[in-house]
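Read-outs: derived from the displayed coordinates by stated rules, not from any lab. Here the structure is a predicted model, which is why all the values come from computation and not from measurement. Glycine also receives a Cβ, built like all others from the backbone with ideal geometry; neighbour counts cover every protein chain displayed.
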Amino acid sequence: MTTNGVSIPPERARAAQDVAAVLAPGRRVALTTHVNADGDGVGSEVALWHLLTTRGLRAAIANPTPIPERFHFLVPNGADHSERATREIESADVVVVLDISDVSRLGDLARAITHSHTVACIDHHVSGGSLPGGPRLVAPDAAATAELVFDFANALEWPLSPDAARALYVGILTDTGAFRFANTTPRALRVAGALLERGVDPESIYASVYASAPEGRVRLMTEVLETLVVEPQHGLAWVTVPPDALQRHGATADDLDGIVEYPRSIAGVRLALLFRQLANGNVKVSFRSLGDVDVAELAAGFGGGGHRKAAGASLEGTLAEVQERVLAAAREYLNGR
Ligand code: AMP
Ligand code: MN
Ligand code: MN
């Protein structure tokens with residue numbers, strides 16, 4: 001099947017039909033994504049919100065944490081009900097989980113999703129998934145969940161409005177690191193091309209997503225980069241967010257997006273890490289790699305997950321304890337290959 005010049009694999013087209021089967025007009029649908037939503041999570045939700053609203057469903061975005069300021073330009077007035085997400089999910093007929101397959105990444109909302117819901121999922125992560133049963137459009141070879149929402153719309157021949165196309169473009173743009181990472185497949189670029197043909201303006205999107213930073217974001221970055229440690233003998237480099245830095249700079253987790261690319265950008269580095277103390281006392285670790293280092297596997301060893309070259313985990317313990325454990329495992333892993 002080919003639409004907009006992009007062919008859809010038959011299994012994705014079938015999965016799209018399965019998901020659509022639970023999305024009948026009149027139904028109440030809650031759209032949700034992982035904690036600290038990124039451009040892919042928000043872009044996918046917003047595009048689906050447009051698709052469903054146009055077809056007469058009652059859709060609401062209900063996320064475990066607020067949508068970052070940077071992506072507010074995508075969100076239609078009245079679409080985001082995240083401040084009462086639990087109630088929104090409890091009263092929904094169908095929950096569509098985007099850009100994750102694990103309930104644990106839904107934070108406080110995990111409890112609200114019960115087996116009395118139909119839970120559909122559209123996602124591109126490797127992890128097996130721990131959601132209650134329901135239709136799945138899951139493909140780890142997709143560059144972004146937004147690519148799968150594009151396939152969903154095309155498989156069903158549901159037209160993408162300019163606003164929906166723009167949201168999907170942001171999802172693909174941000175998850176590929178602005179078309180730089182290994183997931184920048186020919187197909188991802190074809191989908192991005194089809195979205196540009198629908199009228200998406202790449203320069204205004206660049207301005208909103210990458211060139212509208214508050215001053216605190218840049219000041220936070222300088223402080224985090226000061227903590228850089230490099231171990232050339234292992235091809236390892238890491239940075240650490242000073243515990244009170246987000247607060248001092250009026251910044252959010254979204255303001256850390258992209259910082260881990262700096263340790264990864266050093267010649268000879270194969271594995272880059274970012275450590276951050278979370279409000280709940282746990283320590284979040286972001287893993288990034290180059291070449292054949294599989295960070296999804298490394299993160300899974302700590303109860304986390306993600307993709308081969310970008311993964312994350314949340315560990316119990318103090319910052320120092322977690323660093324010691326993770327760095328020891330990282331050195332051992334790197335020495336083994
Ligand atoms: P991040 O380091 O937060 O930018 O995340 C990189 C990738 O790892 C994304 O695909 C995330 O969905 C995934 N990821 C991040 N944190 C976790 C976690 N605690 N458990 C499982 N996957 C995660
Ligand atoms: Mn994501
Ligand atoms: Mn994604």
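What are the ³J(HN,Hα) couplings of the stretch 69-78, residue after residue, when phi is run through the Karplus curve with 6.51, -1.76, 1.60 and θ = phi - 60°? Round to Hz, x for glycine and proline.
2, 4, 10, 4, 4, 7, 8, x, 4, x
As a footprinting exposure proxy, order TRP49, TRP158 by other Cβ within 10 Å, with the fewest listed first.
TRP158, TRP49
Can you give me the C-alpha center-to-center distance between the stretch 308-325 and the stretch 39-80, rounded to a whole angstrom?
The two parts, judged by their Cα centres, are 31 Å apart.
Enumerate the amide H contacts of VAL138 below 5 Å, restricted to partners 5 or more residues apart or on another chain; note that Pro and chain-start residues carry no placed amide H.
For VAL138, the qualifying residues are ASP123.
Using the membrane-span-like helix rule (whole DSSP H runs, Cα extent along the own axis of at least 18 Å, mean Kyte-Doolittle hydropathy at least -0.5), which helices of the chain qualify?
Helices passing the filter in the chain: 39-54, 162-175, 319-335.
Determine ³J(HN,Hα), in whole Hz, for all residues of the stretch 290-296 in sequence, where each value follows from phi through the Karplus function 6.51 cos²θ - 1.76 cosθ + 1.60 and θ = phi - 60°; x replaces Gly and Pro.
10, x, 8, 7, 9, 7, 4
LEU31's amide H: which non-local residues (gap 5+, or another chain) put their own amide H closer than 5 Å, with H modeled 1.01 Å from N in plane and none for Pro or chain starts?
When sequence neighbours closer than 5 places are left aside, the close amide H contacts are ALA60, ILE61, ALA62, VAL96.
Taking the DSSP beta bridges in the chain as the whole, what percent of them are antiparallel, to the nearest 5?
Beta bridges within the chain, antiparallel portion: roughly 45 percent.
For a quick check, take a GNM of the chain with Cα springs below 10 Å and name the residue from ALA296, ALA182, ALA311 with the largest mean-square fluctuation.
Highest fluctuation among the options: ALA182.
What residues qualify as long-range amide H neighbours of THR240, i.e. H under 5 Å apart, gap of 5 or more or another chain, H built at 1.01 Å from N?
When sequence neighbours closer than 5 places are left aside, the close amide H contacts are THR227, PHE275.
Per-residue HN-Hα couplings for the stretch 118-123, Karplus 6.51 cos²θ - 1.76 cosθ + 1.60 at θ = phi - 60°, whole Hz, x for Gly and Pro?
For the stretch 118-123, the Karplus-derived couplings read 8, 10, 8, 9, 10, 7 Hz, x marking Gly and Pro.
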